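Right, one structure below, let's go through it.
The values are calculated or read from the model by the stated rules, or taken from the named source; none is laboratory data. Remember, predicted model here, so these are calculated numbers, not experimental data. Positions of Cβ are generated from backbone atoms using ideal geometry, with glycine treated the same way; all protein chains shown enter the neighbour counts.
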């Protein structure tokens, strides 16, 4: 017999959801590039971590309240995750060189969707472009932690991606646009969403953070020539 918190019952995935208070009572807009959600996980061969970045633009003044990130296969261990926000830019930063506006760190031990609230919401101007970077550090070599969309004919045929939306990197410095691998490999966007409220006054700030999760579906070998590294998708 399988326990309810096991990943599988027979050969199928199961799901669980942790009930928690909504961010800002659910009063926020969701900015995203991945309408179909995570369908596969990525990692770099020869690197102990992988970075993913999404570029967003606000339509009105507001506050970035948190993110929803999709974590792929954790390889039987855990994944340390650091979220960094970079304001007023439309290209990925040099992590460790360019200072972020906000940083949040957590650890996850299962595949799924994680809502990560910010204790200090980040103010955004109308029409401002900003970048959210996720640094994922698996505890073992068998993980494929970066969740992305993936085009499968007849299943997820509607996956689309535009240049300048989602990027990946082995070190947070050399970035590759995932759009470059859509036509040949069917890779879509990084499955990370921004939660933006429309406060007219700054919300209170604090310290700490939490997460809720639900299991997601997870579905290669690809050589990133500009990066000269092996880029792997979970089979």
Q) Which condition does residue 121 not pass, out of (1) buried (at least 18 other Cβ atoms within 10 Å of the Cβ); (2) at pLDDT below 95; (3) within 15 Å of the chain's Cα centre (by Cα); (4) more than 24 Å from residue 164 (Cα to Cα), if it passes all the others? A) (3)
Q) Quick check, is residue 104 surrounded by 23 or more Cβ atoms within 10 Å (Cβ to Cβ), assigned to a strand (DSSP E or B) and touching a strand residue (DSSP E or B) at 6+ places or on another chain (Cβ under 6 Å)? A) no
Q. Name the pairs: first residue in segment 73-89 and under 21 Å from residue 119 (Cβ atoms), second residue assigned to a loop (DSSP other than H, G, I, E, B) and modelled with pLDDT of 95 or more, Cβ to Cβ under 7 Å, at least 6 apart or on different chains?
A. 84/100; 85/100; 85/101; 86/93; 86/100; 86/101; 87/101; 87/128
Q: Taking only segment 81-101 into account, find how many residues are assigned to a strand (DSSP E or B) and either farther than 21 Å from residue 48 by Cα or under 13 Å from the mean Cα position of the chain (by Cα) (or both).
A: 8
